[in-house]
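The values are calculated or read from the model by the stated rules, or taken from the named source; none is laboratory data. The structure presented is a predicted model; accordingly, all values stated were derived computationally and were not measured. Please note: Cβ atoms are built from the backbone with ideal geometry, for glycine as well, and neighbour counts cover all protein chains shown. What goes into the accessible areas is simple: the full protein's heavy atoms, side chains included, and nothing from ligands, DNA or RNA. Shrake-Rupley method; radii C 1.70, N 1.55, O 1.52, S 1.80 Å.
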Amino acid sequence: MRAAPAAAQVSREIIRRFDGGATRFEMRLDPPELGRVEIRLEVTRDHRVTAVISADNPQALTDLMRHARELEQSLQSAGL
C-alpha cells in the first residue's frame, strides 16, 4: 500500500493539532524515508492562519509544494 502524499499527511496533522493559537510541532512522514517536517502555525488578530512548513527531505518538500493548493483547501474546509 502506498503512503499518502506528504501534503495529505501534513494537512491531517495540522487539523488534529491546531488549537486556535500559535503552535509549532514536528512530524515524521510515511514512508520514513521522506523524513521529518516542521510546522509552525501563527494566527493573526483578524484570525488569519499562516502555516510555515519546512521539510528535511527534498522529495517531501517537492510534494508539499506541488500539492500546496490542495493543502490550503483542506485546511480551509476544516475551518482554518
Cα Rg over Rh - the chain, Kirkwood
0.96
Could you give the size of the charge dipole of the chain about its Cα centre, using +1 on the Cβ of each K and R and -1 on the Cβ of each D and E, expressed in debye and rounded to the nearest 20?
120
Per residue of the chain, what 222 nm ellipticity follows from adding -39500 (n - 2.57) for every DSSP H run with n ≥ 4, rounded to the nearest 500?
-11500 deg cm²/dmol
Rounded accessible area per residue of the chain, 1.4 Å, Å²:
68
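Using a probe of 1.4 angstrom, how much of the accessible area of the chain is carbon and sulfur, in percent?
Using a 1.4 Å probe with all protein chains present, the chain comes out at 49 percent carbon and sulfur.
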Any idea what diffusion coefficient the range 21-64 gets from Stokes-Einstein, in µm²/s, Kirkwood Rh on alpha carbon pairs, 10 °C, 1.306 mPa s?
142
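Ranking request for peptides 55-66, 38-49, 7-18, 23-34: highest mean number of other beta-carbon atoms within 10 Å first, then the rest in descending order.
7-18, 55-66, 23-34, 38-49
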